[in-house]
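Working notes, structure below.
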Amino acid sequence: MGRLDGKHALITGGSSGIGLETARQFLAEGATVAITGRSQEKLDEAARQLEGPLLPIVSDAGDVPGQVALAARLQAEWPKLDILMSNAADVTHLPIEKWTEEAFDGIVATNLKAPFFLIKSLLPLFSQQSSVILVGSVSAFVGHENATVYGAAKAGLLSYARGLTYELKDRGIRVNGLSPGPTLTDVFKPLGAEAQAAIYDDLRKVVPLHRIGTAIEVAKAAVYLASDESAYTVGTVLRVDGGIGELAY
Ligand SMILES: NC(=O)c1ccc[n+]([C@@H]2O[C@H](COP(=O)([O-])OP(=O)(O)OC[C@H]3O[C@@H](n4cnc5c(N)ncnc54)[C@H](OP(=O)(O)O)[C@@H]3O)[C@@H](O)[C@H]2O)c1
């Protein structure tokens, strides 16, 4: 028996990294899974890698009308939704001089505004035993170079776990944050192999466990938060970060 048998799960940003690995784990535990991403090509590649009932949907997580449409599509296809993992993110890191209003609005739209309206739009579909998982970041807790705006948006997203728990608990919807630390994914790929290796070398020095986490480690925590095993866990943040968000280094 799977830990998520009979459950329907939506993962935004599910075509690579943590979202893709979580989709794999959810499917292995018996869930029916929808994944989103902006690139059809990446979704097709993810679908080739995954086994089980999967619904890949092109959707930009920063577009509010698009999130309303995504909720409507799921409502048309599925009887209910039990799990939402809001995982897609804009990870722009810049020094203050380089931020434009457009870039600021973009990161806030993807990491804070549109996820709120996605949850709102999904309310009629959520079952009375639902789990919402908000993927934050260690940058919500500690300062990092060029991460001022990213960290603020992630801190805001994680704060939804508290506010929305109050609002939604009587409907059977639990809301929690899941906060990864440095994790091996495609997130730094656009910077090139050399820069990527240098970043990971630096990070290994400052993570208390002195290694970079894996997407599987975050995905296993997501399975726990998604399943009824965590029925008494609400309004909190589970950190899977090698200690970097909490401990001195
Ligand atoms: N990796 C880390 O070290 C780390 C650390 C802390 C927190 N996190 C958080 O973990 C989450 C996953 O990151 P990751 O490292 O797994 O990233 P990743 O490997 O780069 O994967 C990101 C996924 O999100 C999708 N995506 C990006 N922007 C999107 C948008 N606007 N709308 C819809 N989908 C979008 C991407 O597909 P498309 O490009 O096709 O849209 C892809 O499927 C993010 O919330 C990130 O902030 C990661």
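The values are calculated or read from the model by the stated rules, or taken from the named source; none is laboratory data. Note that the coordinates shown come from a computational prediction; the quantities given were computed from them, not determined experimentally. Please note: Cβ atoms are built from the backbone with ideal geometry, for glycine as well, and neighbour counts cover all protein chains shown.
Residues of region 58-86 being among the polar types (S, T, N, Q), within 15 Å of the ligand (Cβ to nearest atom) and part of a helix (DSSP H, G or I), which ones?
If the condition is that a residue be among the polar types (S, T, N, Q), within 15 Å of the ligand (Cβ to nearest atom) and part of a helix (DSSP H, G or I), then 67 is the only one that fits.
Does residue 118 satisfy the criteria of being surrounded by 15 or more Cβ atoms within 10 Å (Cβ to Cβ) and under 22 Å from residue 26 (Cα atoms)? Spelling it out, residue 118 is indeed surrounded by 15 or more Cβ atoms within 10 Å (Cβ to Cβ) and under 22 Å from residue 26 (Cα atoms).
Applying the criterion of being surrounded by 13 or more Cβ atoms within 10 Å (Cβ to Cβ) and of a type in the set (Gly, Ala, Ser) to the residues of region 158-197, the residue that is farthest from the ligand (Cβ to nearest atom) is 172. Restricting region 29-47 to residues that are of a type outside the set (A, V, I, L, M) and assigned to a strand (DSSP E or B) leaves a set whose member that is farthest from the ligand (Cβ to nearest atom) is 32. Across region 162-188, the number of residues qualifying as of a type in the set (D, E, K, R) and touching a Ser or Thr at 6+ places or on another chain (Cβ under 9 Å) comes to 4. For residue 21, the test of being assigned to a helix (DSSP H, G or I), near the ligand (Cβ under 9 Å from one of its atoms) and touching a residue at least 60 places away in the same chain (Cβ under 8 Å) is passed. Scanning region 48-57 for any residue that is assigned to a helix (DSSP H, G or I) and under 13 Å from residue 86 (Cα atoms) turns up nothing.
Given the options 86, 39, 59, 15, name the one that is among the small types (Gly, Ala, Ser) and in contact with a Lys or Arg (Cβ under 6 Å, 6 or more places away or on another chain).
15
Screening the candidates 155, 89 for the property of being within 26 Å of residue 203 (Cα to Cα), assigned to a helix (DSSP H, G or I) and touching a residue at least 12 places away in the same chain (Cβ under 8 Å) yields one hit, 155. Inspect all residues belonging to region 231-248 and state whether any of them is small (Gly, Ala, Ser), closer than 30 Å to residue 30 by Cα, assigned to a helix (DSSP H, G or I) and away from the ligand (no atom under 14 Å from the Cβ). No, the conditions are met nowhere in region 231-248. Scanning region 170-198 for residues that are more than 21 Å from residue 20 (Cβ to Cβ) and without any contact (Cβ under 8 Å) to a residue 40 or more places away in the chain gives 170, 192, 194, 195, 197, 198. Does residue 231 fit the bill of being more than 16 Å from residue 86 (Cα to Cα) and either at pLDDT 95 or above or among the charged types (D, E, K, R) (or both)? Spelling it out, residue 231 is indeed more than 16 Å from residue 86 (Cα to Cα) and either at pLDDT 95 or above or among the charged types (D, E, K, R) (or both).
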